[in-house]
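K.L.:
Shown below is the structure under consideration.
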Amino acid sequence: MTDKQITISNPVTLKGKGLHTGYEVSLTYNPAPIGHGIKFRRVDLAGSPIINADVDNVVETSRGTTIEDKGVKIHTIEHALAALTGLGIDNVLIDMSGPEAPILDGSSTLYVNALLATGLEEQDAEKEYYVIKEKTVYRDEKNNIEITAYPDDHFSINVLIDYNSKVLGHQYASFDERSTDFAKEIAPCRTFVFFHELEFLLKNNLIKGGDLENAIVIMEHEVPQTELDRIADLFNKPHIRVKPNGILSNLELHFSNEPARHKLLDMLGDFTLIGKRIKGKIVASRPGHYSNTQIAKIIKDQIKKDSQKINVPQYDPNTNPLYDINQIKKILPHRPPFLLIDKIISMDSTSIVGMKNVTMNEGFFVGHFPDEPVMPGVLLIEAMAQVGGILVLNTVEDPENYLTYFLRIDKVRFKRKVVPGDAVLFRMTLIQPIRRGIALMWGEAFVGDTLVMEGELMAQISKVKEE
């Protein structure tokens, strides 16, 4: 699968009844620009309101996934969304002429076929991934449901279902983005229902668009043929019988574990609502729409928290630095005890990361302070300035013949003490291109993942006068 974002080449429309509402609905997938994501548009309503396919908008999960925004709802969206995620499509606008996505044949295969027929189009932007960093668990002990997300370098789902059913037994299904052919192995898998549920669903008008052709009906107990005939009549279908495998004769199974595969299909659809593709391994026992969206919300909340964190520069002590202390001394005129940088970790045209190891041997700790040693804030600023000086001097061919003089220091904030034993990472980033030898930079100092200081520095490059 490409790492570029993908949309579709042309609009494509499908029509059918909504499973629960029974309304005839037209659903159109439309191409969308980079970064658009997946959104729904109710074209049957005034103003054609748009609803983001976002787990924060989920309001109902009893027999399917429903989203709502400002009073506008769209029901049973999971199969239409699973087709997109399974095919790697990132950006589409989905027009709906009613409140519920068509159930079609109870799977995603007709959605997939339509999308493939219209064509997929690679876009000039990278996909957005969220990497699972630690084990994340949703557990419902009452219903024996558990979904766990583990760190991994690719996306996969493993599903186990067990409903204490003699017919279904234990079923397992898996999806791996690297090897599973979604269109052939997952998309065709249809929804399933137990026979004893049909009466309740019919009486409560919960499957107005239901049809014995779009669901696998599982028989747990013997039922008189007269009862089977009555149910068939309610659906206006020919009379049916029970097969030896405990499934009504209305359908042939595509796979022996088709119910488990369909649960996996639903998970792919519900996980689309996270808003980013996942790199991680998902293991699910007895999943359903409620549990799917609950773990999706947990992951979405973690994405929000991570986005609020400062992007801390990374340091690997096993990797050679860009500049060691001897190379730094060839660039900067400073010498101990006023050379306050030990190594340069990385540098590009607009930013640089340097490191200072703070030890008790520093001379300033003798008086600052003897009983509670703290690195002076002014020396943190000086160390930051020296790192910025290397970035600025890197723009000239002969840096040894230039000096950097700081013209202004502004917006400086000290957020935590720096003490002996700390390894301080300084990151300097150009706020704007260097003009006429003047550089304006934003500086940050980190100890571990903690921002200990930040501020704005302005410097001027000046050539050393020849004697």
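K.L.:
Sticking with the crude label model, points 7 Å out along Cα→Cβ, report the distance from MET360 to ASN401 in nm, one decimal please.
P.N.:
About 4.7 nm, to one decimal.
K.L.:
Under 18 Å between alpha carbons, and skipping anything fewer than 8 positions from LYS73 in its own chain: which aspartates and glutamates qualify?
P.N.:
GLU24, ASP44, ASP54, ASP56, GLU60, ASP95, GLU100, ASP270
K.L.:
Segment 234-379: percent of C-alpha pairs farther apart than 27 Å?
P.N.:
Counting pairs separated by more than 27 Å, the tail of P(r) holds 61 percent.
K.L.:
Something else now. What does the convex hull of the alpha-carbon atoms of the chain project to on average, in nm²? It would help to have the intermediate numbers written out before the result.
P.N.:
Details: hull surface 120.8 nm².
Projected area, direction-averaged: 30.2 nm².
K.L.:
Moving on. Okay, helix-only estimate at 222 nm for the chain: each DSSP H run of n ≥ 4 adds -39500 (n - 2.57), divide by all residues, round to 500 deg cm²/dmol; what do you get? Can you show the working numbers first?
P.N.:
Details: 9 runs with 101 residues, N = 467.
Roughly -6500 deg cm²/dmol at 222 nm, from the helical runs in the chain.
K.L.:
Starting from the alpha-carbon convex hull of segment 325-463, give the projected area averaged over all orientations, in nm². Let's see the in-between values first.
P.N.:
Numbers: hull surface 32.2 nm².
Computing the convex hull of the Cα atoms and averaging its projections yields 8.0 nm².
K.L.:
Just to verify a number: FRET efficiency for VAL374 and LYS127, C-beta to C-beta distance, R0 = 45 Å, to 0.05? If you can, show how the numbers build up before the last one.
P.N.:
On the way: r = 45 Å, r/R0 = 1.00.
Result of the calculation: an efficiency of 0.50.
K.L.:
Which whole-percent values make up P(r) of segment 84-201 when all C-alpha to C-alpha distances are grouped in 10 Å steps starting at zero?
P.N.:
Taking every Cα pair in segment 84-201, the percentages come to 9, 29, 37, 22, 4, 0.
K.L.:
If the only charges are +1 at each Lys and Arg Cβ and -1 at each Asp and Glu Cβ, what is the size of the charge dipole of segment 325-463 around the Cα centre, to the nearest 20 debye?
P.N.:
Details: 15 positive and 15 negative charges, 61 e Å.
For segment 325-463, the charge dipole is close to 300 debye.
K.L.:
Here's something else I'd like to know. Please count, across segment 325-463, the pairs of lysine residues with Cα atoms under 23 Å apart that sit 8 or more places apart or on different chains.
P.N.:
Pairs that pass both the separation and distance tests number 11.
K.L.:
Now for a separate question. Between helix 377-393 and the chain, what is the angle of the helix's C-alpha long axis to the longest principal axis, kept within 0 to 90° and rounded to the nearest 10?
P.N.:
80
K.L.:
Give, as ranges by residue number, the residues of segment 374-400 whose backbone N falls under 14 Å from the point 7 Å along Cα→Cβ of GLU456.
P.N.:
From segment 374-400, the list is empty.
K.L.:
Roughly what would the spin-label model give for ARG413 and LEU322, points 7 Å off Cα along C-beta, in nm?
P.N.:
If labels sit at ARG413 and LEU322, their model points lie 2.6 nm apart.
K.L.:
Calculate how steeply helix 109-118 sits against the longest principal axis of the alpha-carbon atoms of the chain, using the helix alpha-carbon long axis, and give the answer as 0 to 90 degrees to the nearest 10.
P.N.:
So the helix axis and the longest Cα principal axis differ by about 60 degrees.
K.L.:
On average over all directions, what projected area in square nanometres does segment 1-112 have, based on the convex hull of its Cα atoms? Mind showing how you got there, number by number?
P.N.:
Working: hull surface 27.9 nm².
Computed as one quarter of the Cα hull surface, the answer is 7.0 nm².
K.L.:
Quick one: helix 78-87 against the long Cα principal axis of the chain, what's the angle to the nearest 10°, folded into 0 to 90?
P.N.:
Roughly 50 degrees, rounded to the nearest 10.
Each value in this text was obtained by applying a stated rule to the coordinates, not by laboratory testing. If you're wondering where the values come from, they're calculated on a predicted model, not measured in any experiment. Don't worry about glycine lacking a Cβ; one is built from the backbone with ideal geometry, like all the others, and counts go over all protein chains shown.
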